[in-house]
1. On the first, second and third principal axes, largest extent first, how far apart are the outermost C-alpha atoms of region 140-262 in Å?
2. Roughly speaking, to the nearest percent, how much of the chain's 1.4 Å accessible area is carbon and sulfur?
3. Given a Förster distance of 45 Å, report the FRET efficiency between Ser189 and Asp98 from their Cβ-Cβ distance, rounded to the nearest 0.05.
4. Enumerate the lysines that Lys58 could reach by cross-link, defined here as Cα to Cα under 25 Å, with residues fewer than 8 away along the same chain left out.
5. Once the whole set of protein chains is in place, how much accessible area is left on Glu240, using a 1.4 Å probe, in Å² to the nearest 10?
6. Quickly work out the Arg30-to-Lys232 label distance, labels modelled 7 Å from Cα along the C-beta direction, and quote it in nm with one decimal.
7. Regarding the chain, what are the three Cα extents along the principal axes, ordered largest first, in Å?
8. Mind checking the full-extension length gain between Glu240 and Ala152? Use 0.36 nm per residue of separation minus the Cα-Cα distance, one decimal, nm.
Amino acid sequence: MPELPEVEITVRGLARVLEGRRIASVEARRPDLRRPLPPNLGQCLTGVRVTGLRRRAKYGLVDTDRGDTLVFHLGMSGHWRIDSTEIGKHDHFLISTDEGRRIALNDARRFGSLDLVRTDQLGEWPQFGVLGPEPFGLDPRELKRRQVGRSAAIKPLLLDQRIVAGLGNIYACEALYRARIDPRRAGGSVSLEAFKRLVQAIEAVLDEAISAGGSTLRDFASPDGELGYFTKTFAVYDREGEPCACGGTVKRIVQGGRSTFYCPRCQR
Ligand SMILES: [Zn+2]
């Protein structure tokens, strides 16, 4: 499943093809993904110039000079293909540029989405209205203030999009490990010092993954190249039963229906 670093790398890769370019044509090859595509997508995007690309949580945003922003979510399996030689079975949405480049949103499981939102109304768009701050530049005091009195465990709290937007299960596990915080600890009992470590750890694990993905952008122009997926190594995620550097053993528990991986010896 694409996490924030994959979305960030996807946005950077798409920017190389789209930024400053005019959209020559778009083609919706089916009427829906997770939800129906906007019916006026072709009318609103054909002929526009792309003014910029950016990311919000796990959404990619393509801003245009007509005041509309194309917002995409990759769902479980979505990815953009760049200049593929053939149109694939799961290439559901195509964009061609004035330079003759073509990108295709491929999504076999169709949990992704495409929406067109007025750029100046993005803040009120229902999916964005509920989102908390990005996981970069978090204020540890604000995090601490919001957890005061909370008995819920810190790990599921980190997955609450209203508290931190776009962090995701893998990086919540990795950041708690790096900050040496027990994922079962009540949010309200985490000290300010621990929140400071956590904020640094969140940025570090995401930055490292984005750097790892950045190296894959070299190949993004290759035919049928899939943008945004890359291999990463994790300290605890998906490593149940494996040794931790401290000599302990990585354990898996389920919290809020999601697997948590942690080291009971060095996370307190
Ligand atoms: Zn350990």
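The values are calculated or read from the model by the stated rules, or taken from the named source; none is laboratory data. Remember, predicted model here, so these are calculated numbers, not experimental data. Reconstructed Cβ throughout: ideal geometry from the backbone, glycine too, with neighbour counts over all protein chains shown. Calculation scope for accessible area: heavy atoms of the full protein, side chains included, ligands and nucleic acids excluded. Shrake-Rupley method; radii C 1.70, N 1.55, O 1.52, S 1.80 Å.
1. The Cα atoms of region 140-262 stretch 53, 33, 26 Å along the principal axes, largest first.
2. Solvent-exposed carbon and sulfur of the chain make up 47 percent of the total.
3. 0.20
4. The qualifying lysines are Lys89, Lys144, Lys155, Lys196, Lys232.
5. 110 Å²
6. Once both label points are built, they end up 2.7 nm from each other.
7. That works out to 56, 37, 28 Å along the principal axes.
8. Length gained, Glu240 through Ala152: 29.3 nm.
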